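Shown next, in structure tokens, is the structure this report addresses.
Please treat every number below as a calculation from the coordinates, not as lab data. Since we're looking at a predicted model, the values are computed, not measured. Virtual Cβ from ideal backbone geometry, glycine too; neighbours counted across all protein chains shown.
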Amino acid sequence: MKRVLEGSHAVAEAVRLAKVQVISAYPITPQTHIVEILSQYCTNGTMKAKFLRVESEHSCMAALIGAQSVGVRTFTATSGQGLALMHELLHWAAGARLPIVMAEVNRALAPGWNIWVDQTDSLAQRDTGWIQMYCEDGQEVLDSTIQAFLLAETVNLPVMIVLDAFYLSHTYEPVDVPEPEEVDRFLPPFAPKFQLDTAQPCAFGSLVGPGDYMDMRYQIALAMDDALIRFGDVEDAFAALFNRRYGPVEAIDCADAEIIFITSGTVTSTCRLALQELRAQGEKAGILKIKLFRPFPVDRIRKELQAAKKIAVIDRNFSFGASGIFAQELRAALCNTPRHPVVFGYVAGIGGRDVTPELLKEIYWLTKNSEVPQKESIWMGIQEVKYAD
């Protein structure tokens, strides 16, 4: 059924359809609309779920770790400072192999105090063991959230669904909302592989010696590798029912492209407009949209970029002392290939600053007219940036 939904409400509808049993949340802009509607659903009986009101995001994740450990399906949502406060518990959730699903609405980290979009909050959690999926529009948000539960419960790792603040979380658009019985065919009831059970007592989270600890971390690494394969299986099953798939990456006009934009999130939609104009001018440009950030789809990325001469990575984030984070990942993915495109890194849209088609076309021409990057990351729209001739 087609409905006009805010991106945040698309998340909430997916959680309702997934028949989540425990929701724990602390409200923080701009994710508040997600948990507001879920709290209403829990109150009016639309969902048969327990809604836990906690005093902080740290407590929120702690509560879900407890709930998930006894074998129920769980969900939460957060943003920015809230995700930063959760950081310690994110390690606990992944280390305990708990398939918690969380919507993360990208918000810039303070100071200065800022509620607008910036990917640094989620990317700062890239080493916690959470699968991360970045979404472009409301339909992808709803579909990815439903898929996240099956993927998480298949590999026993938590999943973070990431969406841009305001550009996506607070924007309304038509979304195809499946019927509950359709989702039931795709997503069976949660059957935990292990759980707290008084009839079969065992210890959880106890002290582990060096040898066993390293083996446990190796098992998480293997599970992440498996998640890359299982992601394809989940998408196949979803496409068979709903005729929609996204892939770990999406290649747009890349087959003959000499310069390829690397994008994630809503910047991709804007880049599609810029690409149309560049193609109309005869430019051999393309886009590679990265949806799956953890695990990082290295083989697919290498395949899609093998014929390009240059890539222009659009980072709505920055790792201080290094460069844009997606640019880092692309350099690492390509460095051991015998031939690879020159990687140009651009930082744009930090703290919610607009990324327009005009800016993206400027990035294209800067890339085309430069043999090599001027620096690891070129900040766009900053007065100190020195442009190539």
*asked:* How large is the direction-averaged shadow of the alpha-carbon convex hull of the chain, in nm²?
replied: 20.4 nm²
*May I ask you to order 304-314, 221-231 by the average number of other C-beta atoms within 10 Å around their residues, highest value first?*
304-314, 221-231
*segment 30-139: Cα Rg divided by the 2.2 N^0.38 Å rule of thumb*: 1.07
*May I ask you to compute the full-extension gain from M214 to F320, defined as 0.36 nm times their residue separation minus their alpha-carbon distance, rounded to one decimal in nm?*
35.2 nm
*When only Cα pairs under 8 Å and 6 or more residues apart are kept, what is the percent relative contact order across segment 57-124?*
33 percent
_Calculated FRET efficiency for the pair A199/A307, C-beta based, R₀ 51 Å, to 0.05_ = 0.30
*Quick one: putting +1 on the C-beta of Lys and Arg, -1 on the C-beta of Asp and Glu, what dipole do you get for the chain around its Cα centre, in Debye to the nearest 20?*
260 debye
*With just the Cα atoms of segment 1-84, tell me how far they stretch along each of the three principal axes, in Å, largest first.*
36, 28, 17
